[in-house]
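Here's the structure we're looking at; comments come further down.
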Amino acid sequence: MGFFQFDLLKKSPQGGARLGILHTERGDIHTPVFMPVGTQATVKTMTPQEVEELGAEIILSNTYHLYLRPGPEIIREAGGLHKFMNWQRPILTDSGGFQVFSLSSLRKITDDGVHFRSHLDGSQHFIGPEESMKIQAALGSDIAMAFDECSSYPCSYEDALEGLDRTTRWAERSLKAPHAPGQVVFGIVQGSVFPELRARSARQITGLDFPGYAIGGLSVGEPKAMMYEILEYTTPLLPENKPRYLMGVGSADCLWEGVARGIDMFDCVLPTRVARNGTAFTSQGKVVVRNARYARDFSPLESGCNCYTCRNFTRAYLRHLFHAGEMLGPRLLTIHNLHFTLGVMEKIRQSIKDDCFQEAKEDFLQHYNYNSDQQ
């Protein structure tokens, strides 16, 4: 194991919110942290320098997609993922499990691993714990994820039990497999929406003494209230002195609620994906710039926002770019959405420092409506 240390600096007196620092060989990560997603070795539409200038301290890349294209050997020959994409700060790679399991009709699960067909060309492939760790070693990420089985929602108790026990066996194999120099591996807790299965999984996975732990199998279609309930039950079962990572969650309301329940790390494609579809996040909710109401709206996406997009362009101009099919539109909205999301995390960290997390959370959520275009 390379240099990797988590310092828990402070806990909110009003609940589970935590302030910390993850020390890695490629730099410190201040938690709670949001990790922009660079699925295919790029945060879509952005240069690595721009992502860093927005305040990102770590990004996530995808093992499944990079395995299929360009292939781990090409990335290894390039000197690893950091050199290949020219990102010098830490990178976390997922195990590829979620993508493989989401292929449904294209894959077959056994205790050895998963046989699947590529979504690109239909070619046959196999990934198990050893193969996933070999790919992640070639990528040279700072944090690799153990190969796991992500249960779908809804699923039966029996299927969730089978999946979590397989996840534990795969976690043991992932730990034993060779890793890249300096690379650490996080374990993943599964168990779907069944509290007793989450407890079983947490007990099994923490017993393997990983340097960090993720909660997987949430934000896969279950109601948010159910996700929060599972988090309230599961997070306290994880060691206090190690980072806790909620996989695949990134809307502002979920970031506040996740931190309130003791989560330190988040990732999600949401801010970048909706930007490419013409949707911007603001502190009041969504702005869907394609809508006709913005054709003559010469105000910024959000008043008071100091991102490059809001300082220089109007909603009317952004709407024009999307209707004209210009690439600059998705790019400008991505800049804003990442600035907004990383800014939410900065507000969260500051509120924990200032001992006003609960008040700050209530104030933010009072004005924020994720589901509607309020502007």
At 0.36 nm per residue, and after removing the present C-alpha to C-alpha distance, how many nm does the segment from ASP121 to GLU73 gain when stretched out fully?
15.3 nm
Using Cα pairs under 8 angstrom and six or more residues apart, how large is the relative contact order of region 204-351, in percent?
19
Positive minus negative residues near ASN291 (Lys, Arg vs Asp, Glu; Cβ under 14 Å)
+4
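Tell me the relative contact order for region 269-358 as a rounded percent, counting alpha carbon contacts under 8 Å between residues six or more apart.
So the answer I get is 31 percent.
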If you roll a 1.4 angstrom probe over the protein chains with everything in place, what fraction of the accessible area of region 114-166 belongs to carbon and sulfur, to the nearest %?
50
Computed from the beta carbon distance with a Förster radius of 45 Å, FRET efficiency for THR47 and ALA199 to the nearest 0.05 stands at 0.55
Cross-link pairs LYS286/LYS361; LYS11/LYS44; LYS10/LYS361 - those with Cα-Cα distance over 24 Å:
LYS11/LYS44
First compute the accessible area of region 244-375 with a 1.4 Å probe, then give the percent of it belonging to carbon and sulfur atoms.
46
Are there DSSP H segments in the chain that both extend 30 Å or more along their axis (alpha-carbon positions) and score a mean Kyte-Doolittle hydropathy of at least -1.0? List them, or say none.
328-353
Each label sits 7 Å from Cα toward the beta-carbon; between GLU359 and SER104 the label points are separated, in nm, by 4.8
Rh by Kirkwood over Cα pairs, then Stokes-Einstein D for the chain at 0.692 mPa s and 37 °C, µm²/s
155
Three semi-axes of the equivalent ellipsoid, region 151-249, Cα gyration tensor, whole Å, largest first:
22, 15, 12
Can you give the helix-only mean residue ellipticity at 222 nm for the chain, where every DSSP H stretch with n ≥ 4 adds -39500 (n - 2.57) and the sum goes over all residues, rounded to the nearest 500 deg cm²/dmol?
-11500 deg cm²/dmol
Given R₀ = 51 Å, FRET efficiency for ASP112-HIS320 by Cβ-Cβ distance, to 0.05?
0.45
Peptide ranges 116-125, 302-311 listed from the most packed, as the mean C-beta count within 10 angstrom indicates:
302-311, 116-125
Write down the accessible area per residue of the chain in Å², having rolled a 1.4 Å probe over the full set of protein chains.
41
I need the per residue convex hull volume for region 1-94, using only the alpha carbons, in cubic angstrom as a whole number.
118
What's the local net charge at LEU208, with K and R +1, D and E -1, over the other residues with C-beta under 13 Å away?
+2
Length gained when the stretch SER372-GLN40 is fully extended (0.36 nm per residue, less Cα-Cα span):
116.5 nm
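Round to the nearest 0.05 the FRET efficiency obtained for SER156 and ALA225 when R0 = 25 Å and r is the Cβ-Cβ distance.
That pair, SER156 with ALA225, gives E of 0.75.
The values are calculated or read from the model by the stated rules, or taken from the named source; none is laboratory data. This structure is a prediction, so every number in the text was calculated from the model and none was measured. So basically every Cβ, Gly included, is an ideal-geometry build from the backbone, and we count neighbours across all protein chains shown. The area values use the complete protein model at the heavy-atom level, side chains included, leaving out ligands, DNA and RNA. Shrake-Rupley method; radii C 1.70, N 1.55, O 1.52, S 1.80 Å.
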